[in-house]
Each structure stands twice: as structure tokens, then as C-alpha cells.
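A short worksheet on the structure shown next.
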Amino acid sequence: MKMLALAFLGVVLAVAQPAAAVEPPQNFAVHETPVPVPEISFEDANGQPKTLADFGSKVVLLNIWATWCAPCRKEMPTLDRLQAKLGGPDFEVVALSIDRAGPDKVKKFFAEIGIEHLALNIDTSGKAMFTLGALGLPMTLLIDREGKEIGRLIGPAEWGSPEMLDFIRSYIAAN
């Protein structure tokens with residue numbers, strides 16, 4: 001009887017424990033509770049207006065960057081590989097350029113470094129950067145399926161690292 005009671009207690013404790021959360025990568029600040037993301041607007045490569053709502057119920061990694069930003073340029077290939085690896089119906093990397101020179105500058109940069117999996121998105125006004133409270137570039141927000149910010153990282157990151165992939169996958173799976 002004692003063994004049965006101990007086994008039952010073990011099952012209860014196992015069920016009561018939350019699943020182990022994947023720790024955020026270094027410098028990735030995660031909110032206790034996801035927070036609303038202010039509305040921003042930008043354009044795609046064809047000049048068509050877009051908002052974050054256009055990405056539906058996907059988990060979105062929104063990266064604010066510019067071609068003149070050296071750390072942004074360095075991390076862009078890792079974002080392209082992340083989109084190639086995880087992008088699809090549940091996840092999208094949205095690389096949002098704030099280049100005032102327009103989409104041709106970004107297209108040229110994408111071609112120079114071999115970006116193949118990221119869509120071109122641009123905000124030539126730079127308003128998105130200020131609306132989102134970017135303190136520097138690059139700045140990346142992880143946004144849940146309800147359009148709320150899970151957390152953010154200011155500065156460059158290695159988006160293809162096992163730690164980062166596990167972290168992002170945990171949010172794709174949880175939502």
C-alpha cells in the first residue's frame with residue numbers, strides 16, 4: 001500500500017510541475033506576460049502597404065535593421081538561414097529595413113550577400129523604429145500568434161545557434 005501511495009504521489013508531482021521552459025538566449029529580454037505591440041506600417045518590395053497583422057497567426061521574429069548598420073549587415077545571413085530553417089505556416093522572420101534610400105538599396109544588398117529566404121520589407125520613414133522604442137540597431141522582437149511581444153533583443157545575434165533555435169521553436173510549439 002505504501003508503494004502505491006508513493007507511486008501516486010510521484011504521478012501527482014510530475015503532472016503538477018510545469019514543462020521546463022527553454023531559457024532565453026543571452027541578452028534576450030523576455031516579458032513576464034506578452035505585451036501589445038504598437039501598430040506599425042511598412043511596404044513590401046512592390047511598394048504595397050503591410051502591417052504585422054498581414055502575418056496572420058504566425059509567430060513573428062521582427063528584425064529592425066538598415067544597410068548602413070554594420071552589425072545588421074553581419075547578422076542578416078543568419079536571419080536568412082533562420083527563415084529557411086523554421087519559416088512556414090507557423091513562423092516568419094520579418095526583416096524590416098529602415099533605409100531611407102528605398103527598396104533598391106536593400107535589393108542590391110540582398111543580392112550582394114545572397115539573401116534568398118527573406119522578403120523585402122521597408123519603412124523609409126523610420127517611424128516603426130521609434131514607435132517600437134528601438135534604442136539601437138539591430139533590434140529584434142519575438143511576437144506571438146496574438147500579435148503580442150514575447151520579448152526583444154537589442155543588438156546582433158547568431159540566429160542559427162542551437163540555443164536560439166530551441167528558444168524560438170519552444171514558442172512556435174507553445175502557441
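Just so you know, in the stretch 104-131 the residues that are open to solvent by 10 Å² or more (accessible area, probe 1.4 Å) and among the aromatic types (Phe, Trp, Tyr) include one that is modelled with the lowest pLDDT, and it is PHE130. For first residues located in the stretch 113-135 and more than 21 Å from ALA70 (Cβ to Cβ), partners that are aliphatic (A, V, I, L, M) and lie 6+ apart or on another chain with Cβ distances below 6 Å form the pairs HIS117/ALA84; THR131/ILE40. For the stretch 32-64, the set of residues classified as of a type in the set (Phe, Trp, Tyr) and closer than 11 Å to ASP123 by Cβ consists of PHE42 only.
Counting only residues that are part of a strand (DSSP E or B), touching a Lys or Arg at 6+ places or on another chain (Cβ under 7 Å) and surrounded by fewer than 20 Cβ atoms within 10 Å (Cβ to Cβ), how many does the stretch 42-63 have?
Restricting attention to the stretch 42-63, the residues satisfying the condition of being part of a strand (DSSP E or B) are 42-44, 49-51, 59-63.
Going one step further and asking which of them are touching a Lys or Arg at 6+ places or on another chain (Cβ under 7 Å), we end up with 42-44, 59.
Filter once more, so that each one left must be surrounded by fewer than 20 Cβ atoms within 10 Å (Cβ to Cβ): 43-44.
Result for the stretch 42-63: 2.
Can you spot a residue in the stretch 148-158 that is in contact (Cβ under 8 Å) with a residue 40 or more places away in the chain, touching a His at 6+ places or on another chain (Cβ under 7 Å) and among the acidic types (Asp, Glu)? I'd like the intermediate steps shown before the answer.
Within the stretch 148-158, the first condition is being in contact (Cβ under 8 Å) with a residue 40 or more places away in the chain, and the residues that meet it are 148-158.
Next, from what is left, pick out any that are touching a His at 6+ places or on another chain (Cβ under 7 Å): 149-151.
Then drop every residue that is not among the acidic types (Asp, Glu), which leaves 149.
Looking for residues that are in contact (Cβ under 8 Å) with a residue 40 or more places away in the chain, touching a His at 6+ places or on another chain (Cβ under 7 Å) and among the acidic types (Asp, Glu), one finds at least one in the stretch 148-158, hence yes.
For the stretch 67-82, name all the residues that are of a type outside the set (D, E, K, R) and crowded, with 22+ Cβ neighbours inside 10 Å. Within the stretch 67-82, CYS72, MET76, LEU79, LEU82 qualify. For the stretch 1-28, filtering for residues that are open to solvent by less than 60 Å² (accessible area, probe 1.4 Å) and either at pLDDT 50 or above or charged (D, E, K, R) (or both) leaves 4.
Does ALA101 meet the test of being crowded, with 20+ Cβ neighbours inside 10 Å, farther than 20 Å from GLU39 by Cα and among the small types (Gly, Ala, Ser)? Here the answer is no, as ALA101 does not meet what is asked.
The values are calculated or read from the model by the stated rules, or taken from the named source; none is laboratory data. Values in this document were obtained by computation on a predicted structure and should not be read as measured data. Please note: Cβ atoms are built from the backbone with ideal geometry, for glycine as well, and neighbour counts cover all protein chains shown. Protein only, heavy atoms only, side chains kept; ligands, DNA and RNA dropped before computing areas. Shrake-Rupley method; radii C 1.70, N 1.55, O 1.52, S 1.80 Å.
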